Structure formats: C-alpha cells, structure tokens
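Enquirer: Let me give you the structure first, and then I'll get to my questions.
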Amino acid sequence: MPITIRTAPEGDRALLADLRSGAVHVIDLAGGSATTVLDVAPSGPDTTQGAHGIHRRGNRLCPDVER
C-alpha cells in the first residue's frame, strides 16, 4: 500500500514508501519505472508496520519506519 511519495533533491527520481511491503521504491522519473527496491522494514498484509513515509534530513531523504 503506497503511503508517501517524494521527489529526490535532484528531481530525477522519486521515492515511494510502501506500508505493507515495508519497502521504499526508487523510481526513475524519466523512464517511469522502478529502478531499485529498498527493503527497510518487512511487514505483512495484516499489519500497519513498515515504511510509513519519507522525510527530508538536509539534502537526504530518509524512510520513517515502525517495527
């Protein structure tokens, strides 16, 4: 279940936090496809744990994770 999407500071990629899978998907905006999947907090279909969002920390994007 996608819950948050943010563009990277450079503007070439987007990061999508997926609550149910516990992953952050890196999406190439020019190509329109996922290039990388970062498994940050595995969860299951019946839980609300996982990647809750993405926040900026300086010029970095960091996932919000609940375990």
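Enquirer: Taking the stated definitions as given, is Val65 at pLDDT 85 or above and surrounded by 13 or more Cβ atoms within 10 Å (Cβ to Cβ)?
Expert: In short, no.
Enquirer: Within region 11-62, which residues are at pLDDT 70 or above, more than 16 Å from Met1 (Cβ to Cβ) and among the basic types (Lys, Arg)?
Expert: Residue satisfying the conditions is Arg13 alone.
Enquirer: Looking only at residues that are more than 8 Å from the chain's Cα centre (by Cα) and not in a loop (DSSP other than H, G, I, E, B) in region 7-20, which one is nearest to Gly31 (Cα to Cα)?
Expert: For region 7-20, the residue satisfying everything is Arg13.
The values are calculated or read from the model by the stated rules, or taken from the named source; none is laboratory data. Everything numeric in this text was worked out from a predicted model, so none of it was measured. So basically every Cβ, Gly included, is an ideal-geometry build from the backbone, and we count neighbours across all protein chains shown.
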